[in-house]
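The values are calculated or read from the model by the stated rules, or taken from the named source; none is laboratory data. It should be emphasised that the depicted structure is a prediction, and the values quoted were computed from it without experimental measurement. Neighbour counts are summed over all protein chains in view; Cβ atoms, including those assigned to glycine, are modelled from backbone coordinates with ideal geometry. Ligands, DNA and RNA are stripped out before the accessible areas are found, and what is left, the full protein with its side chains, is counted by its heavy atoms. Shrake-Rupley method; radii C 1.70, N 1.55, O 1.52, S 1.80 Å.
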Amino acid sequence: LHKGALNVEGQLLSGSNYTFLGPVTLEEETIQAVYKPIRGEQPLWDFPAGSLAHRETAAYLFSEALGWELVPPTIYRRKAPIGPGSLQLYIDHNPEVHYFTLDDEDKQRLRPTVLFDLALNNADRKGGHILRAADGHLWLIDHGLSFHVEDKLRTVIWDFGGELIPDDLAADLDRVENDLAPA
């Protein structure tokens with residue numbers, strides 16, 4: 001994602017911001033990626049202009065710091081065909097499978113997702129932002145509307161309302177908070 005040549009081949013039209021799909025090639029290896037240039041961000045009254053791509057990248061970094069592997073690899077790339085923006089590994093998935101079609105077993109695996117969205121202050125968790133890969137892994141996408149300073153949590157996932165946070169997940173959050181605390 002960092003060094004490969006990005007070739008924009010198509011635009012995903014379902015979002016309000018410009019989102020493109022294309023291969024990233026480095027030497028003999030090619031992967032598909034989703035590219036969201038800052039220039040294609042629609043202005044929002046409550047999020048600073050030009051910040052969504054950075055928020056996408058921050059969500060990935062936070063997921064990795066927690067060790068939860070929820071967000072596909074995502075970077076902020078300064079040099080790209082339409083200018084700086086986020087670049088995320090494309091997850092091959094069946095678009096007919098999303099939050100509203102998940103079975104009960106898959107929904108039970110969403111506890112970390114709920115806590116992740118709460119910690120990120122995610123203002124945009126839609127059903128289609130949960131992808132089930134062919135191997136069954138649940139991936140989360142579209143985090144541009146996260147990390148706001150005001151409470152903005154909006155989500156379709158309310159399955160665990162009123163339950164206690166599982167100890168292992170709380171411990172992960174405590175660990176990351178301690179890692180980020182000033183010395």
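If you check Ala134, Ala170 for being closer than 21 Å to Phe62 by Cβ and surrounded by fewer than 17 Cβ atoms within 10 Å (Cβ to Cβ), only one passes: Ala170. The set of residues from the stretch 5-60 being among the small types (Gly, Ala, Ser), open to solvent by less than 20 Å² (accessible area, probe 1.4 Å) and farther than 12 Å from Ser86 by Cβ comprises just one member, Gly22.
Report, by residue number, each residue of the stretch 61-80 that is assigned to a helix (DSSP H, G or I) and open to solvent by 50 Å² or more (accessible area, probe 1.4 Å).
To start, the set of residues in the stretch 61-80 that are assigned to a helix (DSSP H, G or I) comprises 61-66.
Residues satisfying the conditions are Leu61, Glu64.
Screening the stretch 95-105 for residues that are within 13 Å of Gly127 (Cα to Cα) and not aromatic (Phe, Trp, Tyr) and picking the one that is most open to solvent (accessible area, probe 1.4 Å) gives Glu96.
For Arg77, the conditions (1) under 25 Å from Gly136 (Cα atoms); (2) under 17 Å from the mean Cα position of the chain (by Cα) all hold with the exception of (1). Filtering Leu61, Leu120 for residues that are modelled with pLDDT of 95 or more, in contact with a helix residue (DSSP H, G or I) (Cβ under 7 Å, 6 or more places away or on another chain) and under 24 Å from Leu173 (Cβ atoms) leaves a single hit, Leu120.
Here Gln42 fits the description: closer than 18 Å to Asp124 by Cα, in a loop (DSSP other than H, G, I, E, B) and either at pLDDT below 95 or not aliphatic (A, V, I, L, M) (or both). Taking the listed residues Leu145, Leu89, the one that is among the aliphatic types (A, V, I, L, M), closer than 19 Å to Asn17 by Cβ and touching a helix residue (DSSP H, G or I) at 6+ places or on another chain (Cβ under 9 Å) is Leu145, with no other qualifying.
Can you pull out the residues in the stretch 151-167 that are out of contact with any Asp or Glu (no Cβ under 8 Å at 6 or more places or on another chain) and open to solvent by 100 Å² or more (accessible area, probe 1.4 Å)?
Once the filter is applied, which keeps residues that are out of contact with any Asp or Glu (no Cβ under 8 Å at 6 or more places or on another chain) and open to solvent by 100 Å² or more (accessible area, probe 1.4 Å), the stretch 151-167 yields Asp151, Trp158, Leu164, Asp167.
Among the residues of the stretch 124-138, those identified as touching a helix residue (DSSP H, G or I) at 6+ places or on another chain (Cβ under 9 Å) and on the phi < 0 side of the Ramachandran plot are Arg125, Lys126, Gly127, Gly128, His129, Ile130, Arg132, Leu138. Residues that are of a type in the set (Val, Ile, Thr), open to solvent by 20 Å² or more (accessible area, probe 1.4 Å) and more than 18 Å from Gly136 (Cβ to Cβ) do occur in the stretch 108-115, at least one of them.
For the stretch 16-27, does any single residue satisfy the condition of being farther than 30 Å from Asp179 by Cα, in contact with a helix residue (DSSP H, G or I) (Cβ under 9 Å, 6 or more places away or on another chain), among the aliphatic types (A, V, I, L, M) and in contact (Cβ under 8 Å) with a residue 60 or more places away in the chain? Checked the stretch 16-27: no residue is farther than 30 Å from Asp179 by Cα, in contact with a helix residue (DSSP H, G or I) (Cβ under 9 Å, 6 or more places away or on another chain), among the aliphatic types (A, V, I, L, M) and in contact (Cβ under 8 Å) with a residue 60 or more places away in the chain.
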